[in-house]
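Student: Sharing a structure here in structure tokens format.
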Amino acid sequence: MNILAFESSCDETSVAVVKDGREILANVIASSADLQSQFGGVVPEIAAREHVKVITAVIAEALAKAACTMEDIAAVAVTAGPGLAGSLLVGVSAAKALAYAYNKPLYPVHHLAGHICANFLCDPNFDVPYTGLIVSGGHSHLVTMDKEYNFQILGRTLDDACGEAFDKIARALGLPYPGGPQIDKLSFAGDSTRYEFPESHLQNALDFSFSGLKTAALTYINRAKMQAAQKGIDWTDLLNINDFAASFQAAIIRTLVKHSEKALKLTQAQRFALAGGVAANTHLREALAAMCRKNKVDFTCPDRILCTDNGAMIGAAAYYLILSGVKPTDSTLNAYPSWSLDKWKSLPQINVRKKI
Ligand code: KG4
Ligand code: ZN
């Protein structure tokens, strides 16, 4: 079964063709990240306009790379949420138009389900049930997926998402957007024990909170900047950026690994999967792999290109959605900027204001 899959929830416009939820025939990704970096983050209006500009060419390129015509496509899938409303609507509109024009069934896919299902594309032995960690620019979730492909959310962030914390601190350090890869790179030459960061203690031991960590990091940076201004020197003479990046990153990873281990103990799962943009982080991949080895649990994480937003992950998730018996949707499909992962098999209700 070939699925033509669309992803446009943030600043990547991507269209893929995925066979049987496991094999990528094409995965074309156009990103407006360079343009966004001039503004220090994603500007929703710009992201939506860039999607409109490139989506037709991206569809054509994906079909050409897969050596497919619409005749070879069994179903169309699209990220319908969560994400930026304007961005989501571009992918949803394109997918709806193609499904309607070629009379193909249309499946709305949850963005985070897509992220974690990228693991099906990378390891032929990866299967349900599993416990997983999804860490992206907008979300941080600990989840399980059961044999019927249902998600249960075990823990989530109560404030900033993990990637957001990386991006905000990178920005305060004067690094370009997206900040995660920059901190990852700087930390290789840094001492991760140099700066201390607080650990959050929450009621649900599997939830996350990154705001305390972020405030502590900003306090270090602002203090260094103020003292440097008084002394007339450069603030980087008072704060070693490599050591700081390494210490900040290590604090985040410590929490992610600790909570993941607790989740594994709770679920007794034999498989652990990592996913989301932050899953590209070298040290996080290594630390979780080591924790899984210690607990004799199989560890999977997607190839780096499948960690950031892409259409192939949506094609994989759509395949398992179809396997689980979900029926296709129709041209009333909308964008759902806040859609909960544990309800990924049905679309959220939209509150339409009643006429008085
Ligand atoms: O999943 P994603 O591509 O977009 C969302 O769905 O949000 O995630 C983007 C996030 C950004 O915050 C980016 O800084 C972070 O993933 N990221 C990383 C790395 N590569 C991307 N964070 C830490 N280390 C990395 N190597
Ligand atoms: Zn994402």
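The values are calculated or read from the model by the stated rules, or taken from the named source; none is laboratory data. Just so it is clear, the structure is predicted and the values come from calculations on it, not from any experiment. Counting neighbours? That spans all protein chains shown, and the Cβs are built from the backbone with ideal geometry, glycine included. Note: accessible area is taken over every heavy atom of the protein model, side chains too, but ligands, DNA and RNA are not part of it. Shrake-Rupley method; radii C 1.70, N 1.55, O 1.52, S 1.80 Å.
Student: Residues of region 132-253: accessible area per residue at 1.4 Å, in Å²?
Tutor: Spelled out: the 1.4 Å probe surface of region 132-253, per residue, equals 46 Å².
Student: Per the Debye formula with a single identical scatterer at each Cα and no solvent contribution, what log10 I(q)/I(0) holds for the chain at q = 0.12, 0.13 Å⁻¹?
Tutor: -0.86, -0.99
Student: Once you have the alpha carbon radius of gyration of region 32-154, what is it after dividing by 2.2 N^0.38 Å, with N set to its residue count?
Tutor: 1.21
Student: May I ask you to derive the FRET efficiency for Met70 and Leu266 from their Cβ-Cβ distance with R0 = 30 Å, giving the value to the nearest 0.05?
Tutor: 0.10
Student: Moving to a separate point now. What do you get for the angle between helix 282-294 and the principal long axis of the chain? Use alpha-carbon atoms, 0 to 90 degrees, nearest ten.
Tutor: 80 degrees
Student: Run through all the Cα pairs of region 186-280 and give the fraction in each 10 Å bin from 0, expressed as whole percent.
Tutor: That works out to 14, 37, 30, 14, 5, 1, in percent per bin.
Student: Where the accessible area of the chain is counted over protein heavy atoms with a 1.4 Å probe, how much of it, in %, is carbon and sulfur?
Tutor: 52 percent
Student: Okay, next question. Rank Leu88, Leu341, Leu266 by mean-square fluctuation in a GNM of the chain with C-alpha springs under 10 angstrom and give only the top-ranked residue.
Tutor: Its mean-square fluctuation being the largest, the pick is Leu266.
Student: Does anyone have the angle between helix 241-267 and the longest principal axis of the chain? Alpha-carbon axes, 0 to 90°, nearest 10?
Tutor: So the helix axis and the longest Cα principal axis differ by about 50 degrees.
Student: Now for a separate question. Which of the pairs Lys185/Lys294; Lys96/Lys258; Lys104/Lys185; Lys214/Lys327 have their Cα atoms more than 32 Å apart in this structure?
Tutor: Too far apart for the 32 Å limit: Lys96/Lys258; Lys104/Lys185; Lys214/Lys327.
Student: Mind computing the radius of gyration and Dmax over the alpha-carbon atoms of region 250-356? Å is fine for both.
Tutor: That works out to 18.0, 62 Å for Rg and Dmax.
Student: Let me ask another. Where in region 7-36 does the label zone of Arg49 land, with the point 7 angstrom along Cα→C-beta and an amide N cut-off under 16 Å?
Tutor: 11, 32-36
Student: List, largest first, the extents of the alpha carbons of region 124-253 along their principal axes, each in whole Å.
Tutor: 63, 35, 24
Student: On to the next question. Below 8 Å, C-alpha to C-alpha, sequence gap of six or more: please give me the relative contact order for region 210-356 in percent.
Tutor: Reported relative contact order: 15 percent.
Student: Over every pair of different alpha-carbon atoms in region 48-87, take the mean of 1/r and invert it; report that Kirkwood radius in Å.
Tutor: Final number for the Kirkwood radius of region 48-87 is 11.9 Å.
Student: OK, next. Semi-axes of the equivalent ellipsoid of region 181-242: what are they in whole Å, largest first, if each equals the square root of 5 times a C-alpha gyration tensor eigenvalue?
Tutor: The answer is 27, 16, 9 Å, longest axis first.
Student: A follow-up question, please. Provide, as a two-decimal number, the C-alpha radius of gyration of region 1-66 over 2.2 N^0.38 Å, N being how many residues it has.
Tutor: For region 1-66, the normalised Cα radius of gyration comes out at 1.20.
Student: By the scheme Lys and Arg +1, Asp and Glu -1, what is the net charge of all other residues having a beta-carbon under 11 Å from that of Lys345?
Tutor: Net of charged neighbours comes to 0.
Student: Roughly what angle does helix 211-231 make with the longest principal axis of the chain, taking Cα atoms, 0 to 90 degrees, to the nearest 10?
Tutor: Compared with the principal axis, the helix lies near 50 degrees.
Student: May I ask you to order 156-165, 190-199 by the average number of other C-beta atoms within 10 Å around their residues, highest value first?
Tutor: Descending mean neighbour count gives 156-165, 190-199.
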